[in-house]
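The values are calculated or read from the model by the stated rules, or taken from the named source; none is laboratory data. It should be emphasised that the depicted structure is a prediction, and the values quoted were computed from it without experimental measurement. Reconstructed Cβ throughout: ideal geometry from the backbone, glycine too, with neighbour counts over all protein chains shown.
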Amino acid sequence: MSVRTDAPAVADTVAAVRKIYDSGRTRPLAWRRDQLQALIRLLTEAEAELSAALRRDLGKNALESYLTEISIVRSEAGHALSRLGEWTRSRRVPVPLGLLPASARTEPQPLGVVLIIAPWNYPVQLLLAPLVGALAAGNAAVLKPSELAPATSRTLARLLPGYLDPEAVTVVEGGREESTALLAERFNHIFFTGGEQVGKVVLRAAAEHLTPVTLELGGKSPAVVMGGNLRAAARRLVYAKLLNAGQTCVAPDYVLTTEALAPSLVKQLARAVREMFGEDPAKSADFGRIVNEGHFDRLASYLADGTVASGGRTDREQLYIEPTVLTKVSPDAAVMQEEIFGPILPVLTVADLGEAMSFINSRPAPLAAYLYSSSDAEQRRFEHGIRAGSISHNASTIQLAVPELPFGGAGASGMGAYHGKHSFDTFSQLRPVFSKGTLLDTLRVAYPRYSAAKTRILRRLL
């Protein structure tokens, strides 16, 4: 259900969801399976409605919406369904000789009532993919979709109560006031996807209740091109960069390459844009739009931070920025200070891989780092020398499609991870259970009063 958004109503909503969780409703595996199956049905039956909402908010092509939002969540839910029995199983662990006879095991337990705050750039995927883990783990959830994607927010708030348990999974719509009211409440876990500055606000609010937090942030994910098939590299970079008009947290933010390779690479990048979106991407049904005027103005200002090698046209009324490659960009330029989050790709030159790695490591750890090279030695060197949320060789962004690879940041790009079993683990406590009978009280040997004999026995056992 969607609720009134004044602070008292938010508090009442959270209290109502907690009451349902405390009743034990969400714990049985049957309930969890029902919710995951219902989520899959929603994504199947309401695909057209969700795609239409994404088109209104972000200008997304229906196939792109399916590939990058709907199919990903459906795959996550199906993966969780097929492995739920395995993930929730108790596991015995060995007991030291000195504590026998006894048994010990670990058993995953739900955390309780969780808050999931989603961003605007992938407003379906980044709200519902974490929800898959929360439901699989047996939690109740309060969902906060982004107000910057209003059509998608309204659609999800309307659809979800018809498929999921509306008392255990609740949607709260609204903006900063509603988010502030939610963060004032006590949750058992907060899962936030968004920017670094808001992430700090979430973390400070969570500290008031000592609430554990998963932060999926962003950063300037670099792509280093050291050789290989430049045409293929350019296509993969362009595809990854221009998904959702560049508004993707793991999109290549900038390219580092050598002076020798730069001219050919820049030419191939422009060629790849034409192949995918035509001579005028403004006319392409496959290229999205910037989310709002504020982001448009910020991005448009970056076009003066270098030489436009290709692209560069803009239309504020249509929130359109042409796919643009920038060269002769200073590392100190504004476009190189914060995550671009748009269809602008600076290409900078370095002497070699070592200089590229030093450049990357001199900045905050990115969410992803990409190396395009046919050298196994360079790949291993990159892996061992770069701190990032993920490393990918000769491809960009598609690492997210591997269900059992954790997705998460490092340092300033976030904390915690999810996808596949990592989502289940994020929303679970691995609780230890120890059991020992009383018929034979073997622990007496450890009780005071201590003697030389007890000392010898205990030192030998332990």
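Note on region 430-462: among residues that are touching a strand residue (DSSP E or B) at 6+ places or on another chain (Cβ under 6 Å) and of a type outside the set (S, T, Y), the one that is surrounded by the most Cβ atoms within 10 Å (Cβ to Cβ) is V433.
Could you grab me the full set of residues in region 275-300 that are of a type in the set (A, V, I, L, M) and assigned to a helix (DSSP H, G or I)? It would help to see each step written out before you state the result.
Taking region 275-300 first, the residues of a type in the set (A, V, I, L, M) are 276, 282, 285, 290-291, 299-300.
Listed by number, the residues that qualify are M276, A282, L299, A300.
From the list P161, P166, P222, which one is in contact (Cβ under 8 Å) with a residue 24 or more places away in the chain and under 27 Å from R298 (Cβ atoms)? Spell out how you get there, then give the answer.
Details: P161 fails: under 27 Å from R298 (Cβ atoms); P166 fails: under 27 Å from R298 (Cβ atoms).
Among P161, P166, P222, only P222 is in contact (Cβ under 8 Å) with a residue 24 or more places away in the chain and under 27 Å from R298 (Cβ atoms).
Identification of helices (runs of 4 or more DSSP H) wholly contained in region 344-434 with 1 or more residues that are within 17 Å of the chain's Cα centre (by Cα) yields 421-426. Checked against (1) of a type in the set (A, V, I, L, M, F, W, C); (2) assigned to a helix (DSSP H, G or I); (3) surrounded by fewer than 17 Cβ atoms within 10 Å (Cβ to Cβ), V95 passes all but a single condition, namely (2). When region 100-126 is filtered for residues that are more than 16 Å from T88 (Cα to Cα), in contact (Cβ under 8 Å) with a residue 60 or more places away in the chain, of a type outside the set (V, I, T) and not in a strand (DSSP E or B), the ones remaining, listed by number, are L100, P101, A102, A118, P119, W120, N121, Y122, P123, L126. As a summary of the residue check, V266 satisfies the conditions (1) touching a residue at least 60 places away in the same chain (Cβ under 8 Å); (2) under 22 Å from K60 (Cα atoms) except for the one numbered (2). Annotation: of all residues in region 277-326 being among the small types (G, A, S) and under 25 Å from the mean Cα position of the chain (by Cα), the one that is surrounded by the most Cβ atoms within 10 Å (Cβ to Cβ) is G288. Does any residue of region 288-296 turn out to be within 24 Å of P263 (Cα to Cα), at pLDDT 95 or above and among the acidic types (D, E)? Looking for residues that are within 24 Å of P263 (Cα to Cα), at pLDDT 95 or above and among the acidic types (D, E), one finds none in region 288-296, hence no. Scan region 188-220 residue by residue and report those that are assigned to a loop (DSSP other than H, G, I, E, B), in contact with a Phe, Trp or Tyr (Cβ under 7 Å, 6 or more places away or on another chain) and closer than 23 Å to I386 by Cα. The one that is assigned to a loop (DSSP other than H, G, I, E, B), in contact with a Phe, Trp or Tyr (Cβ under 7 Å, 6 or more places away or on another chain) and closer than 23 Å to I386 by Cα: K220.
Taken residue by residue, region 9-23 has at least one member that is surrounded by 21 or more Cβ atoms within 10 Å (Cβ to Cβ), over 21 Å from the mean Cα position of the chain (by Cα) and either closer than 30 Å to A240 by Cα or at pLDDT below 95 (or both). Only one of the numbered conditions (1) surrounded by fewer than 18 Cβ atoms within 10 Å (Cβ to Cβ); (2) touching a residue at least 60 places away in the same chain (Cβ under 8 Å); (3) in the same structural domain as D425 (by TED's automatic domain parsing) is not met by G228, and that is (3). Taken as a whole, region 63-80 holds no residue that is within 22 Å of S423 (Cα to Cα), of a type outside the set (D, E, K, R), in contact with a helix residue (DSSP H, G or I) (Cβ under 9 Å, 6 or more places away or on another chain) and not in a helix (DSSP H, G or I).
Within region 255-265, the only residue that satisfies the criterion of being assigned to a helix (DSSP H, G or I) and farther than 21 Å from M336 by Cβ is S264.
Could you list, in sequence order, the residues of region 231-260 that are buried (at least 20 other Cβ atoms within 10 Å of the Cβ) and more than 27 Å from the chain's Cα centre (by Cα)? Break it down stepwise before answering.
From region 231-260, those buried (at least 20 other Cβ atoms within 10 Å of the Cβ) are 233-234, 236-238, 240-257; that's our starting set.
Selection gives T257 alone.
If I filter region 235-254 for residues that are in a strand (DSSP E or B) and either in contact (Cβ under 8 Å) with a residue 12 or more places away in the chain or in contact with a helix residue (DSSP H, G or I) (Cβ under 9 Å, 6 or more places away or on another chain) (or both), do I get at least one hit?
In the first step, residues of region 235-254 are kept if they are in a strand (DSSP E or B); the result is 254.
Pick out the ones that are also either in contact (Cβ under 8 Å) with a residue 12 or more places away in the chain or in contact with a helix residue (DSSP H, G or I) (Cβ under 9 Å, 6 or more places away or on another chain) (or both) and you get 254.
Yes, some residue in region 235-254 is in a strand (DSSP E or B) and either in contact (Cβ under 8 Å) with a residue 12 or more places away in the chain or in contact with a helix residue (DSSP H, G or I) (Cβ under 9 Å, 6 or more places away or on another chain) (or both).
Answer yes or no as to whether Y370 is within 30 Å of V132 (Cβ to Cβ) and either in the same structural domain as V132 (by TED's automatic domain parsing) or of a type in the set (F, W, Y) (or both). Answer is yes for this residue.
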